[in-house]
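Below you'll find the structure, written out as structure tokens, and then a few comments.
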Amino acid sequence: MICTVVDAGSLSRAAAQLGVSQPALTAQLQRIERQLGGRLFERTREGVRPTDLGYFVVDSARIVLADMTHLMDGVTERVNPRRSGGPVRAAGGSGPLVPLFAARLREALHLPEVGTEVESTNRALFKLLETGQVDFAIVGSYRDLPLRVPKHLLARLLVVEPSFVALPEGHLLGELDAVPLAVLAELDWAVDPPSESGEQLALQRACAVAGYSPRIRHHAIEASTARELVRAGAVTLAHPASRQGDGVTVRPLVGSPILSHQMLVWNPESQLAGQVDVAYRCAAEAYLSLVHRSETYQRWWAEHPEAHVDLDAVL
């Protein structure tokens with residue numbers, strides 16, 4: 001229930017999603033707060049936002065829920081046997097990396113085709129691997145957030161990736177080579193919903209170190225939606241190879257305060273498990289081709305060789 005209130009941003013929307021009345025939800029929330037001995041939410045003009053205690057409870061609850069989901073997924077996977085044979089498939093998040101990876105895998109293994117699957121959560125990607133629906137997946141996890149790869153899957157680090165910031169084109173901060181996170185305190189943010197990638201929590205933790213809580217005004221999963229919000233004046237975290245122009249400027253953050261680990265994950269029972277070295281090289285080549293698309297990312301890449309040691313070793 002508490003997680004639903006956070007995701008919805010207001011008690012009325014949360015009550016509608018839970019199928020209860022707002023007074024009933026408010027009463028239940030008050031009972032929980034009395035048991036915990038502190039307030040979980042404070043009211044704002046836009047709805048409600050978590051207090052420090054609220055953030056702690058929500059973060060802890062999400063970890064417990066993820067563990068329960070992993071338990072149930074494991075049960076499901078053991079009840080339903082894995083697929084054998086069939087076309088080769090690769091998976092990952094939205095963006096150009098997975099199609100580039102699939103194309104190189106097809107060429108390297110001389111296959112007629114390699115299909116792709118795109119999912120917005122690591123849980124969904126792991127399930128595709130566990131059930132044999134895909135052979136390889138590129139999975140990302142923010143460095144300061146725990147990623148529990150299921151025990152019967154294997155993972156190999158591809159690259160440590162920075163998050164850049166996307167600004168409205170023409171903004172004064174766009175004139176900087178790198179933007180301090182602290183100077184973004186008064187701007188509105190557009191980020192993934194809390195239930196998706198962990199982006200919101202990673203941003204909140206980094207901003208807390210910088211001395212403030214980010215003003216998260218918008219939730220956007222699709223890159224096209226996020227770009228429209230940036231054009232309208234918001235800021236958002238951006239992939240370092242994101243396209244600039246058309247109303248958007250992309251800059252590194254000073255000190256690279258938000259990093260993610262991009263990994264190749266596979267099922268050792270996959271029909272292609274014996275080709276993991278080939279697959280890793282294909283993923284490395286695909287990623288490097290993205291780096292070359294952005295002069296800004298190329299500069300960061302050259303200045304941070306420690307972020308791509310494993311990738312460099314195979315190329």
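Observations
- Boolean, Ser242 is in contact with a Pro (Cβ under 7 Å, 6 or more places away or on another chain), among the small types (Gly, Ala, Ser) and at pLDDT below 95: no
- If you go through the range 257-306 and keep only what is part of a helix (DSSP H, G or I) and open to solvent by less than 10 Å² (accessible area, probe 1.4 Å), you end up with Ala279, Tyr280, Cys282, Ala283, Ala284, Ala286, Tyr287, Leu290, Val291, Tyr297.
- Residues of the range 169-183 satisfying the condition of being open to solvent by 20 Å² or more (accessible area, probe 1.4 Å), in contact with a strand residue (DSSP E or B) (Cβ under 7 Å, 6 or more places away or on another chain) and not in a loop (DSSP other than H, G, I, E, B): Leu173
- Of Thr51, Thr4, all but one fail to be surrounded by 12 or more Cβ atoms within 10 Å (Cβ to Cβ), touching a strand residue (DSSP E or B) at 6+ places or on another chain (Cβ under 7 Å) and of a type in the set (S, T, N, Q); the exception is Thr51.
- When Ser213, Ser242, Ser197 are checked against the criterion of being open to solvent by 20 Å² or more (accessible area, probe 1.4 Å) and without any contact (Cβ under 8 Å) to a residue 12 or more places away in the chain, a single residue qualifies: Ser213.
- Qualifying residue in the range 133-151 (condition: over 20 Å from His261 (Cβ atoms), without any contact (Cβ under 8 Å) to a residue 40 or more places away in the chain and open to solvent by 40 Å² or more (accessible area, probe 1.4 Å)): no
- Flag if Leu237 is touching a Lys or Arg at 6+ places or on another chain (Cβ under 6 Å), touching a residue at least 60 places away in the same chain (Cβ under 8 Å), surrounded by 17 or more Cβ atoms within 10 Å (Cβ to Cβ) and in a strand (DSSP E or B): no
- If the condition is being in contact (Cβ under 8 Å) with a residue 12 or more places away in the chain, in a loop (DSSP other than H, G, I, E, B) and hydrophobic (A, V, I, L, M, F, W, C), then the range 1-36 contributes only Met1.
- Residue tally, condition part of a helix (DSSP H, G or I) and modelled with pLDDT of 90 or more, over the range 202-224: 9
The values are calculated or read from the model by the stated rules, or taken from the named source; none is laboratory data. Computed from a predicted structure; not experimentally measured. Don't worry about glycine lacking a Cβ; one is built from the backbone with ideal geometry, like all the others, and counts go over all protein chains shown. We work out accessible area using only protein heavy atoms, side chains counted, and drop any ligands, DNA or RNA first. Shrake-Rupley method; radii C 1.70, N 1.55, O 1.52, S 1.80 Å.
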